[in-house]
Structure formats: structure tokens, C-alpha cells
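The structure appears right after this line, and notes come after that.
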Amino acid sequence: MRYVQVDTQSDPHSETSPTTEKQKNLSNMLAAELKAIGLTDAHTDEFGYVYATIPCNTNKNVPVICFCSHVDTAPDCSGTNVKPILHKNYNGEDIVLPDDTTQVISTKDYPYLKEHIGNDIITASGLTLLGADDKAGVSIIMDLANYLVTHPEIKHGIIKILFTPDEEVGKGTAKVDLKKLAADYAYTLDGGEIGTYEDETFSADGATITINGVSAHPGYAKDKMINAIKIAGEILAALPKNEFSPETTSGREGYIHPVGVSGIAEKTTIEFIVRDFETQNLAKHEARLRSIAENVMKNYPKASMQFKAHEQYRNMKEVLDKNPHMIDNLIEAYKRASLTPRNEPIRGGTDGSRLSFMGLPCPNVFTGMHAIHSKHEWVGVRDMEKAVEVLAHLVQVWEERS
Ligand SMILES: [Zn+2]
């Protein structure tokens, strides 16, 4: 509840690192608290990243495990003056937020609330997001650190702690120093419902179609002008209506999605994103998109088209499949914490997928956060405690199996 009161909203339009200086307020607070519990190397760097080490307390040669979460909150919703409310012994009713009573967290929208009857939950007050994404993850890691330093009977190898800025604006790994971190494996604490873990993301490309029309003075354009904007419109209209798009797919289905159009009559560009869990399907989707566009172009022999695709990010499962013991150990930790592990592919990307391809394999663990990036955001205290329990088991599983 202290951490969410620090405004750490990141800014997608900023060119600086971190994108907002205020993120360091929380980073500095965390580094100081880690120092105070005895992690002598804890520090914030110039970019707002926090690094700290929990020393090894076993004779075994255990791989170095990193736990990672992000300090920033999403730009979608205000993060200024967050007033967290602890609802002790939650009674199962809809929660009316006091600072704006039109904001109601209802059991109809969030049936999972019902499973928290009798537990404590935390919400914001109605004017801001809560910031459980990802201060729930931060709290879980801070609590784990405190637990491990006060329970030397729990045997573990070197544990690294990493807090990153700017995850919400896609720059969470931009300035990370993996050499300094020196971890073999990492787990992000940035997932949702209790018991879930994520080891799979989309693979992602961007694609651009550029249409070159023929310009002419509109007053004298008869039989001369070919308007690239109108051709772009035809290409967009020719896209499938009932499949192949974000609004018509779910589960493991991929899609293509126009995200921007810009241009003039002479030249118009359409930007697409291309997504699939199977990397090899991206080329198939791009070929299909290209042939849809080329079919339209056949009617305009004097116009021309360029098609370009480029890589954005890749499904982290490609990396994690080469390190199956990472997930095996995690599943064992869930079981020891009396949880049934559930694997959910992410229809998006995470910092974990970027870290995985930077050489640090990194699946994602639940935190209990719900309704993220909104005024309805809430988190169950029991779920956060359960995540700490999972991590405490996890470091022991790694130690035992080394
Ligand atoms: Zn997050």
C-alpha cells in the first residue's frame, strides 16, 4: 500500500531513460529498503533499474535465479495520488469506490471476487488505477527477500532481484545490464490469477504496404489520376470479415491487424501488425495479406505497391523449451504451495519474452492482480502471499535439484 502511493506512471512519448524521472522515487525507496534488510549491494542505477543480491547459503552449485518486476504503472489511467483501500474480511458484495461512487467493482464483472470472501483485498479509491500492475509483483519480491534473509534454514543459491522501469511503454529491457545482473534464469512476477503461469507469448512481425498512385491536378485529372488513398481503402475492405483479425480470433489463433494509415493521393502507407504463436505462420499470414493486396492492385496497372515485413518479437517458448527444468521446477513449487498450475499463453508480448531472447530465459508468475490499467484494479492479499510461498518453494527446489 506504500508502494502504490508513489506515482510511477511511465510516458510513451518520452525519449529519456527512464521515460519519467519520478519512477526513480520508488526505485530509490526499494533499494534503500533492500539495503536495510542487509542486501548490501542494492542500488538504483541512472536509468531507474534496481539491482540487488541475496547471497547463497548452501554449499551446492545452484544456478543464479533472478526475480523481476516493473515499478512503472500504465499511461492509460491516472496514477497520481493513488489512495489504496484495504477491504478487510471482504463480504462478497459489490465494492463502491468512495471518491467516485459511479465506479463499482462488481462481482458480476469480476466473479473471481467471490473466491475472496473472508479475505482481505486492496482497491484504489475511484479516481486512479491501483498500480497492482506491477507493484503486487514488487511487493511479492520484497516480501520474499525479507523472508529469505530472516529464514536462513531455507537453503538457496544466489538470488538476484531486478526492478525495471518503463515496462508499460515497451522499454522495460532497453537499458537493462544483463552482464551486471549475472543471472542464469529469471522469473517475472507480472501475471494475473492465482495458480497461473505463462511461458508462451505471440511471435510478432510488423508489415507495411506502400501504394504509389499517380498524382495530377484534380481539375485536369480525368483518366490520369490514380488515388493511392482509395486503393488503400479497397485493400482494407478486402480483408476477411469473419476471421484473421483481433476482433474475430481468440485462444491460439493468429491474426493480421491494420494499426495505421497515412498518406496523400500520390502515396499511401498502411501499417499492420502480424501475430501468431507459431513463428513460421507469420510468413504465411504475410503472404496471404500480400496476395489480398496484389489482387486489388491488378485493377490499377499504373499504380505500384511495395510490401515489407519486419520482426518485432518472438514467442519466448522457443527459448523456454530448451530449458524445460525452469518450468518443471516452477510446477513443483506450485504443487508444494498446494496450487494446481495452469498455463496460459499470452496473446501479446512481455518483458519476459524480450529477456528470454536476450539470453535470460524468463517465464511469468501470477501476482493476483485484476482489472489492470483501470480504476477497478484490485488485488487479493492472499494471492500475493501465495505467490511469496511459491517463490520460497521455488528457490528450494532449485537448490535440491542442483
Ligand atoms: Zn505489468
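What follows draws every value from the coordinates through simple rules; no lab data is involved. Everything quoted here is computed from the prediction, not taken from an experiment. Cβ sites come from the backbone with ideal geometry, for glycine too, and all protein chains shown count toward neighbours.
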Taking alpha-carbon centroids only, the range 46-116 lies from the range 217-234 a number of Å equal to 53 Å
Loop-resident trypsin sites (Lys or Arg not before Pro) in the range 176-256 with no more than 12 other Cβ atoms inside 10 Å, DSSP not H/G/I/E/B, are LYS222, LYS224, LYS241, ARG252
Gyration tensor on Cα atoms of the range 118-195, a ≥ b ≥ c root eigenvalues, a/c under 1.5 rounded, else prolate if a/b beats b/c, else oblate, says oblate
Given the candidates LEU360, VAL381, VAL395, the one whose Cα lies deepest towards the positive end of the charge dipole of the range 347-402, counting +1 at each Lys or Arg C-beta and -1 at each Asp or Glu C-beta, is LEU360
For MET316, MET297, ascending order of other Cβ atoms within 10 Å (fewest first) is MET297, MET316
Expressed as a whole-number percentage, the relative contact order of the chain with C-alpha contacts under 8 angstrom and at least six residues apart is 23 percent
Treating only Lys and Arg (+1) and Asp and Glu (-1) as charged, each at its beta carbon, one finds that the chain has a dipole about its Cα centre, in Debye to the nearest 20, of 920 debye
With a ≥ b ≥ c from the Cα gyration tensor eigenvalues, square-rooted, and the rule rounded for a/c under 1.5, otherwise prolate when a/b > b/c and oblate otherwise, the range 73-226 is oblate
In the chain, taking the dipole from +1 charges on Lys and Arg beta carbons and -1 charges on Asp and Glu beta carbons about the Cα centre, the listed residue (THR128, PHE163, PRO218) farthest towards the positive end is PRO218
In debye to the nearest 20, the charge dipole size for the range 1-45, taken about the Cα centre with +1 at each Lys and Arg Cβ and -1 at each Asp and Glu Cβ, equals 220 debye
The aspartates and glutamates whose Cα lies under 16 Å from the Cα of LYS241, excluding any fewer than 8 residues away in the same chain, are GLU253
Comparing ASN364, ASN28, ASN242 in a Gaussian network model of the chain (Cα, 10 Å), the one with the largest mean-square fluctuation is ASN242
Sorting ALA371, ALA31, TYR3 by the position of each Cα along the dipole of the chain (Lys, Arg +1; Asp, Glu -1; all at Cβ), the one nearest the positive end of that ordering is ALA371
Magnitude of the Cβ-charge dipole (Lys and Arg +1, Asp and Glu -1) of the range 171-230 about the Cα centre, nearest 20 debye, reported as 740 debye
Counted neighbours (other Cβ, 10 Å), sorted fewest up, put VAL261, VAL319 in the order VAL261, VAL319
Whole-number value, in Å³ per residue, for the convex hull of the alpha carbons of the chain is 164 Å³
Shape call for the range 291-371, from the Cα gyration tensor axes a ≥ b ≥ c (a/c under 1.5 means rounded, otherwise prolate when a/b beats b/c, else oblate), comes out prolate
Partner aspartates and glutamates whose C-alpha sits under 12 Å from that of LYS222, ignoring same-chain residues fewer than 8 away, are none
Final fewest-first order of LEU236, LEU360 on the 10 Å Cβ neighbour count is LEU236, LEU360
Percent antiparallel among DSSP beta bridges confined to the chain, rounded to 5, stands at 75 percent
Going residue by residue through the range 187-196, the Karplus relation 6.51 cos²θ - 1.76 cosθ + 1.60 with θ = phi - 60° gives ³J(HN,Hα) values, rounded to whole Hz and with x marking Gly or Pro, of 10, 8, 9, 8, x, x, 4, 3, x, 8
